[in-house]
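Step one of this worksheet: look at the structure below.
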Amino acid sequence: MAAKQVRNMNAHISAEFTELFGPAPLFKIEDKTIYEGILEGLAQEERPQSFIAHILLRDVADLVYQRLWLRSVGSRLIRQAHKDKIRKDVHAVIELANLLRGRASDKAIDADKQKRLTELEKAEGGPVDEAALFLGWIGNYERVQSLLAAADKRLSDTLKLLDEYRDGLGERVRQIAGSLGGASPGPRSSTRRRGLHDMSVPQRSRSSTRYLARSKLTSSGHR
């Protein structure tokens, strides 16, 4: 399938769900393509026909997107802790320069400050020492992991509901809809019903026959 066709299909499915449930709960606008890809994949696989199926499918798409976002937050927290440390060091350099003013040449102080700030600016985009920054990010990271575990649980529960609806209520609804539309039951179910009926009738007949026979014998004995 061409990329243009995929985009058109994504837009159509996304528009259908947006009309029913409102805009997607995106954390970042640029994630729109990712979310639509998730929704389109789920819709193609499940092919929802009822309103309940649409609700459950939208919930699954939301939770899958949340999990992806939460998993990406961990590494960003470490990078953010690195940036926070650099900014703290920048502030310390500026404060030190202000304290030294009047005690030495302002020109020398400004030159030293600029050199340090340039080094810190380069370090901000450089490699991260996560061990040195451990206390700066571990608390928030653990909170993210707790949120991820909760999202996993909700996703598992929602998938279970979708399975139960597909194989339980959904199947019964389709059977009822088929009967209301005049559709005849499938050959397997009708054959099974006929078989049970055919089995039950002779059993009742044989039981009645045996009962009558015993009654006659008993009556003959009394006489």
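Bear in mind these aren't lab numbers, they're just calculated from the coordinates by the rules spelled out. The shown structure was predicted, so the numbers you read here are calculated from the model rather than taken from an experiment. Glycine also receives a Cβ, built like all others from the backbone with ideal geometry; neighbour counts cover every protein chain displayed.
Observations, loosely collected:
- Aspartates and glutamates whose Cα lies under 17 Å from that of LYS83, excluding same-chain neighbours fewer than 8 positions away: GLU119, GLU121, GLU124, ASP129, GLU130
- Positive-end extreme of charge dipole, the range 24-178 - chosen from GLY136, LEU63, VAL73 (charges on Cβ): GLY136
- Charge tally around VAL90: other residues with Cβ under 13 Å, Lys/Arg +1 each, Asp/Glu -1 each, net +2.
- For LYS32, the lysines whose Cα falls under 18 Å of its own Cα, not counting residues fewer than eight places away in the same chain, are LYS4.
- Interatomic Cα distance distribution for the range 47-126, bins of 10 angstrom, percent: 16, 25, 17, 13, 11, 10, 6, 2
- Each 10 Å bin from 0 upward holds the following percent of the Cα-Cα pairs of the range 68-169: 13, 27, 20, 16, 11, 7, 4, 2, 0.
- Among the trypsin sites (Lys or Arg not before Pro) within the range 46-123, those in coil by DSSP and having at most 13 neighbouring Cβ atoms inside 10 Å are ARG103.
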